[in-house]
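Notes follow once the structure below has been shown.
The values are calculated or read from the model by the stated rules, or taken from the named source; none is laboratory data. Computed from a predicted model, the values in this text were never measured in an experiment. Note that we place each Cβ from the backbone using ideal geometry, even for glycine, and neighbour counts take in every protein chain shown.
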Amino acid sequence: MFIDCHCHLTSEQFQDDLEEVLARSRRAGVQGILTCSTSPSDMLHVVQLREEHPDDIYACLGIHPLDDSCDMRAWQTVREMIIAEHRKHGLAALGEIGLDFSRPLLKQKAAARGATEADVRNRQLSLFEAQLDLARELDLPVNVHSRNAEKEVLNILSGCKIQGVMHAYKGPAALALQAAKSGRLWFSFPPSLVYKWEYQEAVKALPLECLLLETDSPSLAAAGPKARNEPGFIRAAAEKMAELKGVTLQQVAAATTRNAVHLFGKASPGLQACCMTAPPSNPTGKTSRWRRDVKDNEGNVPTSDAPPAQTFAPQDRSSQRWTRRSRGAETHTMDPTLCSSAFGSARCS
Ligand SMILES: [Zn+2]
């Protein structure tokens, strides 16, 4: 069983065959798919997909650093939309948020806006920090993008008490290991792990209890940058991870599922149900040496070896499914008029 912790099922690449994509992912053992928004208009689409497929899809709402449609003024409206949706249906996380300081993109955006590259960076920083504030307020984890900005992102995250995942982390492995010792950060890797050495170095350095699986569909496929990826292909990432860690595929599936449920299951009962059938990632039941030896800033031992803080009350899975279906069947009431027609849709990469 797998949980895809980061993808974009709202991509136009899935508009013709989403049902088949979801059927294939179920057959591949994917029990939950976290789909992330990139822009205000994309948020509406994510909410709609989650309502149409409540057994498969879990929503992460946020604004991607490369989105051009949401500035700090528009953010106030977007913020209200996110709060309303979380109160109504529960979000898995805020995301995709973060920083992208890749030089060609900074240059391009600065030229388009008649601004400097520093202005573009500062705009990203303001929006990232505003979204982190909201995550703290809602007690939600974050699903984080970082490109050419890993150090800055990890510095910011280390200063706030927010849990989150660094998706498709491509920065230095030593930096990831240091950040993971806070006990609040996990690192997820997509099927392109099979050929990207930067991902492989980070996977080798990090303990299994800090790792998650994702697909970033439709991007980051094992078959190369031009191939369409989908959640059902997640096994390629899991097999490579197992090889790099010297463990079995079953151990990777169990550990990453348990980690995902712990991180994202707080407001998602359907995800917590996945944990009931996932064997513990640490069969001894003891706190691992790696976790036992580290403490957070307040001197507490990180708890990722412990069961999720809000364990779902024992009941049969069918009743949880019924609850989610009932909630999913509610009328979609997120007000599209809140989303200005000026909002476009940013592409995530
Ligand atoms: Zn993404």
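One table, with the values for the structure above:
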item: Unique match (being within 25 Å of Leu132 (Cβ to Cβ), within 16 Å of the ligand (Cβ to nearest atom) and aliphatic (A, V, I, L, M)) among Leu212, Leu206, Leu185, Leu193; result: Leu212
item: Test: residue in the range 2-9 that is more than 16 Å from the ligand (Cβ to nearest atom), assigned to a strand (DSSP E or B) and under 15 Å from the mean Cα position of the chain (by Cα); result: yes
item: Residue in the range 183-191 that is among the aromatic types (Phe, Trp, Tyr) and surrounded by fewer than 18 Cβ atoms within 10 Å (Cβ to Cβ) present; result: no
item: Matching residues in the range 56-84 - criterion: being hydroxyl-bearing (Ser, Thr, Tyr) and more than 15 Å from the chain's Cα centre (by Cα); result: Ser69, Thr77
item: The range 196-207, residues that are touching a helix residue (DSSP H, G or I) at 6+ places or on another chain (Cβ under 9 Å) and surrounded by fewer than 21 Cβ atoms within 10 Å (Cβ to Cβ); result: Glu198, Gln200, Glu201, Lys204, Ala205, Pro207
item: Only listed residue being touching a helix residue (DSSP H, G or I) at 6+ places or on another chain (Cβ under 8 Å) and modelled with pLDDT of 95 or more, chosen from Asp100, Asp42; result: Asp100
item: For Pro218: the one exception among (1) crowded, with 23+ Cβ neighbours inside 10 Å; (2) within 16 Å of the ligand (Cβ to nearest atom); result: (1)
